[in-house]
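The values are calculated or read from the model by the stated rules, or taken from the named source; none is laboratory data. A quick note: this is a predicted structure, and the numbers were derived from the prediction, not measured. So basically every Cβ, Gly included, is an ideal-geometry build from the backbone, and we count neighbours across all protein chains shown. Just so you know, the surface numbers come from the protein's heavy atoms only, side chains and all, with ligands and any DNA or RNA stripped out. Shrake-Rupley method; radii C 1.70, N 1.55, O 1.52, S 1.80 Å.
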Amino acid sequence: MFAQLCDTGIPKFRHGRVLLATHVISLFRVDREWAIQFLLPLFEWGNSEAEARAARKGFLWSPRLYPPLMEWLKPAFLETAGHYAVLGQHREQHASLLMFAGLDRGDVFGARELAPAMQALPQDGLDHAADTFARAVDSAGDQRADY
C-alpha cells in the first residue's frame, strides 16, 4: 500500500507521500530497500520539483540527521539550498539542519561538500544558520571548543 502512495503518477496521493516523508527515518530503519526504491526518489529535485518540495516539507516537520539515511539523501539534501525559496515556512528548518550537519559532520559530510550548500542560501537563510550556530555554541558544554 505504501508503494502505491509513492506513485507520483497519482497526484491525489501527494498528501500521503508527505506523511510518508515525515516518517522517512523510521521507514528507512524498518525496510531500507523499500525506502530506497520507493520513498527516497521523492526527495530528488531532478525527478520532480513539486514532489521533492512536498517530501522535503514533510521531512522538515521534524527534521533529524540520521547518518545512514543522510548517506543516501546527501545529494538531494545539499541541493535543497538552491531551492530554499520554495520551502516556504520550512526554510528555517532546512537552514538549521544544514548548520547542524556542518557542526556534526561525522563520516557523512565533508566541509567541501557543505560549503557550496551554505553559500547557496540567501541572506535570510544565512542569518538563520548563524542564529542556529550561536544557540548551538551557547548550549554545547564540553563540545564548545569543537564547534
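Considering the conditions (1) in contact (Cβ under 8 Å) with a residue 40 or more places away in the chain; (2) exposed (fewer than 13 other Cβ atoms within 10 Å of the Cβ); (3) outside any helix (DSSP H, G or I), residue 68 is excluded by exactly one of them, (3).
Table: residues versus (1) over 10 Å from the mean Cα position of the chain (by Cα); (2) open to solvent by 30 Å² or more (accessible area, probe 1.4 Å); (3) modelled with pLDDT under 95.
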residue	(1), (2), (3)
10	yes, yes, yes
30	yes, yes, no
42	yes, no, no
48	yes, yes, yes
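Cβ-Cβ distances below 7 Å connect the following pairs, each with a first residue in the stretch 49-62 that is over 10 Å from residue 24 (Cβ atoms), a second residue that is among the hydrophobic types (A, V, I, L, M, F, W, C) and open to solvent by 30 Å² or more (accessible area, probe 1.4 Å), and a separation of six or more residues or different chains: 53/86.
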